[in-house]
Amino acid sequence: MDPESTNKEIDAALREFEAQKSQTPKPTPQVATPPTPTPIAIPTPPSPTQGINEIDLALKEFEAKSQTQAPVAAAEPDAVSLSPETPKMVGKLIKYSGGAIKSQRQAEIILLGFVIIAMGISFYLFFGGGGGSQDINLNPDIIDPGAI
């Protein structure tokens, strides 16, 4: 294929395209009209006396309910409510402390301190409480021959 025949083919295709383009009607541009805005309803503020009336009604209703109900007895300051998950040892420590220990956390801290002190005393007695080595006298004269 020579370049001249290729140019002729391209020119023929271009003319055919332009002919088809001129035969198809051009669409007319349509201008979109913007939507009409809808009015926003603005609520009117309540009158100043309307809120006061509602508060007064709620206050009267509360007073009526509080007068009909029996007063709730205040919890004793010495009474400690323990959950079912409270360990027995902590519960007994709180119970028998005479009111000195008021919470589970305080009881746990005191028990931890007791364990640390007990371990310290034990280490002292096992490893350092003897003072020195004792001499064992194995003199045969002292041993009772009748005991053997």
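The values are calculated or read from the model by the stated rules, or taken from the named source; none is laboratory data. Fair warning: this is a prediction, and the values are worked out from it, not measured in the lab. Positions of Cβ are generated from backbone atoms using ideal geometry, with glycine treated the same way; all protein chains shown enter the neighbour counts.
Per this entry, residue 111 is counted among residues that are of a type outside the set (D, E, K, R), at pLDDT 90 or above and either assigned to a helix (DSSP H, G or I) or more than 36 Å from the chain's Cα centre (by Cα) (or both).
Taking each residue of segment 62-90 that is exposed (fewer than 10 other Cβ atoms within 10 Å of the Cβ) and looking for partners that are at pLDDT 60 or above with beta-carbon atoms closer than 7 Å, six or more apart or interchain, yields 78/99.
Of all residues in segment 64-108, those that are part of a helix (DSSP H, G or I), at pLDDT below 90 and of a type in the set (Val, Ile, Thr) total 1.
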